[in-house]
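The values are calculated or read from the model by the stated rules, or taken from the named source; none is laboratory data. It should be emphasised that the depicted structure is a prediction, and the values quoted were computed from it without experimental measurement. For neighbour counting, all protein chains shown are included, and Cβ atoms are generated from backbone atoms with ideal geometry for every residue, glycine included. Ligands, DNA and RNA are excluded from the accessible area calculation, which covers all protein heavy atoms including side chains. Shrake-Rupley method; radii C 1.70, N 1.55, O 1.52, S 1.80 Å.
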Amino acid sequence: MTERTGVVTFRGNPVTLLGPEIAVGDQAPDFTALATDLRPVRFSELGGTRVISVVPSLETPVCDLQTRRFNESVTQLGEATVLTVSVDLPFAQARWCGAAGVQGVQTLSDHRDVSFGLAYGVLIKEFRLLSRAVFVVDATGTVVHAEYVPEVGQEPNFDAAIVAAQGAETARTTEGRAA
């Protein structure tokens, strides 16, 4: 298992990330996580452009803000799927979404197998939480945006992720019309 140090801090203290670093141009790794109804969701079965917003826990202020912000941006992203992945239990994710009125983002729980965390190199070894990150994957499965937020308590670059997703959606719809 790849261990990466010096990449991310948690409350100012360095932590160890497990798994490889995913970069723009890489093929997006497959993973399976649980939907709020406990149904396994396999990433490779989701088509089109996908935005993966990674948070340690929906129950914290920055994670709450990040998920709400992507939920508000869904209308700007065409048919892109927006996923929020955390290690929160599916029941907690469902409760949070209901209380927050979040309907445009699909939450996935990586609690059971940490399949996502290990595949995308965001599993924090010391806490078994996911580090804050954002990935955008185009319809061909290629990563077109990857951001590992250097301090877990900081917000990601929302604008860069949205622009990358819009670009991937534009390319997808342009190719669809050309075919």
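Let's see how each residue does on (1) in a helix (DSSP H, G or I); (2) farther than 17 Å from residue 16 by Cα:
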| site | (1), (2) |
| --- | --- |
| 126 | no, no |
| 134 | no, yes |
| 146 | no, yes |
| 155 | no, yes |
| 160 | yes, yes |
| 164 | yes, yes |
| 169 | yes, yes |
| 173 | yes, yes |
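Quick check on region 94-107. Is at least one of its residues open to solvent by 50 Å² or more (accessible area, probe 1.4 Å), in contact with a strand residue (DSSP E or B) (Cβ under 9 Å, 6 or more places away or on another chain), more than 23 Å from residue 8 (Cβ to Cβ) and touching a residue at least 24 places away in the same chain (Cβ under 8 Å)?
Scanning region 94-107, I find at least one residue that is open to solvent by 50 Å² or more (accessible area, probe 1.4 Å), in contact with a strand residue (DSSP E or B) (Cβ under 9 Å, 6 or more places away or on another chain), more than 23 Å from residue 8 (Cβ to Cβ) and touching a residue at least 24 places away in the same chain (Cβ under 8 Å), so the answer is yes.
Being touching a residue at least 24 places away in the same chain (Cβ under 8 Å), open to solvent by less than 40 Å² (accessible area, probe 1.4 Å), charged (D, E, K, R) and in contact with a Leu (Cβ under 7 Å, 6 or more places away or on another chain), is that true of even one residue in region 164-172?
For region 164-172, residues touching a residue at least 24 places away in the same chain (Cβ under 8 Å), open to solvent by less than 40 Å² (accessible area, probe 1.4 Å), charged (D, E, K, R) and in contact with a Leu (Cβ under 7 Å, 6 or more places away or on another chain): present.
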